[in-house]
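Heads up: the structure comes next, in structure tokens.
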Amino acid sequence: MIVHLKKGITKKEYDEINEYLLNQDIKVQDISDEKDSKLLLSGSFDRSLLERIYSFDAVLDAKKIRTPYQKVLKINNEKKSIKLPYNNEINENNFIIIAGPCSIESKESLTKIAIEVKKAGANFLRGGAFKLRTSPYSFQGLQEEGLKILHEVGKKLELVTVSEITSISQIDLFIKYVDIIQVGARNMYNYELLKELAKVNKPILLKRAFSATIEELLLSAEYLAEHGNTDIILCERGIRTFNEDIRNTLDLGGVIRLKELTFLPVIVDPSHASGRYEMVPKLSKASLAAGADGLMIEVHDDPLNALSDGAQSLKINKFHKLMDDLKKASSIFDKKI
Ligand code: PEP
Ligand code: MN
């Protein structure tokens, strides 16, 4: 609920209403801007509480917000900015590019890919170490050894590192080795993991589950925010639809809607959204046009022999070409790469 306060109220009046609400177990957040003085309330409201709020002289108006999430809701048209190592920042003016292999396979191959990622102008290096594969017989990742390699390569080339966590038991390892902790589509509903990650002082890249509604995604983000971490980057990575010809369907309308509903940055993963490298450049440009704040792209030096997701990984030369195109296009959409 948002309570608008009258202009020019005294400190005593302000304190009175705050104190009353806190005594009712209502959480109060001052969200005043230049134009208005307002409070954001969260908790459970009944009619008598509402009537009591209205009865304060200081109150001009009170409005119920019809969303179950409050901490990640955009209220004053505010935008989140997240500061990252090597002077990087995620904010409304930047279009970030996270690139790298699906899985970290060896130090040699990750170094080779990372050098090209950097050369192309991307500042973020991705690589999976704990892989959640559909088949138990598929490559499961290099695990701790993979994270160490990612950390080493990222540090050497000054690239911000991103990797997916799959269990609470890995949190200490991720704190040690990774700059942005990714929660994959399969774990978006893992609320126990989200609650633990909320206590970690690192940004979280939260991917939308295959079948999640926009509201469910925002509620998962709310778990992180409610428990203390609002450094959240949302990622649309395609959802399951009846289009069987493509691995997933990229929900660009969902991206536009997310940008309306939340102040959190929203990026797109066109690789998992399509499953086919040929589609990645066009989906990337469409994401920029749709107002996304960046991309996460799988890139490999030898996709044919990749240990996972080779079919959707861009070869190095195609990644360079895409980066050139995105750099040209980005100014039209008021974004910097
Ligand atoms: C990934 O980014 O490596 C990944 C497994 O993606 P998703 O969770 O979106 O399937
Ligand atoms: Mn992958």
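The values are calculated or read from the model by the stated rules, or taken from the named source; none is laboratory data. All values derive from a computational prediction rather than experimental measurement. Neighbour counts run over all protein chains shown; Cβ positions are idealised from the backbone, glycine included.
The helices (runs of 4 or more DSSP H) located wholly in region 202-278 that include 1 or more residues which are buried (at least 24 other Cβ atoms within 10 Å of the Cβ), of a type in the set (A, V, I, L, M) and away from ligand 1 (no atom under 15 Å from the Cβ) occupy 214-226, 252-261.
Taken together, S106, S135 contain a single residue that is within 16 Å of ligand 1 (Cβ to nearest atom), surrounded by fewer than 18 Cβ atoms within 10 Å (Cβ to Cβ), more than 15 Å from F319 (Cβ to Cβ) and more than 23 Å from the chain's Cα centre (by Cα), which is S135.
A quick yes/no check of all residues on (1) part of a strand (DSSP E or B); (2) without any contact (Cβ under 8 Å) to a residue 40 or more places away in the chain; (3) within 17 Å of I297 (Cβ to Cβ):
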position	(1), (2), (3)
V117	no, no, yes
L150	no, no, yes
V162	yes, no, yes
D172	no, yes, no
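Would region 76-88 turn up any residue that is within 14 Å of ligand 1 (Cβ to nearest atom), at pLDDT 95 or above and touching a Leu at 6+ places or on another chain (Cβ under 9 Å)?
So the first thing to find is which residues in region 76-88 are within 14 Å of ligand 1 (Cβ to nearest atom), and the list is none.
So far as region 76-88 goes, no, none of its residues is within 14 Å of ligand 1 (Cβ to nearest atom), at pLDDT 95 or above and touching a Leu at 6+ places or on another chain (Cβ under 9 Å).
Kindly indicate the residue of region 140-184 that is aliphatic (A, V, I, L, M) and surrounded by fewer than 16 Cβ atoms within 10 Å (Cβ to Cβ) and also nearest to D231 (Cα to Cα) among those meeting that condition. The extreme case among them is I175. Selection of strands (runs of 3 or more DSSP E) fully inside region 5-101 by the criterion of at least 1 residues being of a type in the set (D, E) and under 19 Å from E222 (Cα atoms) returns 27-30. Here V280 meets each of (1) among the β-branched types (V, I, T); (2) in contact (Cβ under 8 Å) with a residue 60 or more places away in the chain; (3) within 16 Å of ligand 2 (Cβ to nearest atom) with one exception, condition (2). Please determine whether any residue of region 224-236 is over 17 Å from Y69 (Cα atoms) and either small (G, A, S) or within 16 Å of ligand 2 (Cβ to nearest atom) (or both). Yes, there is a match, as at least one residue in region 224-236 is over 17 Å from Y69 (Cα atoms) and either small (G, A, S) or within 16 Å of ligand 2 (Cβ to nearest atom) (or both).
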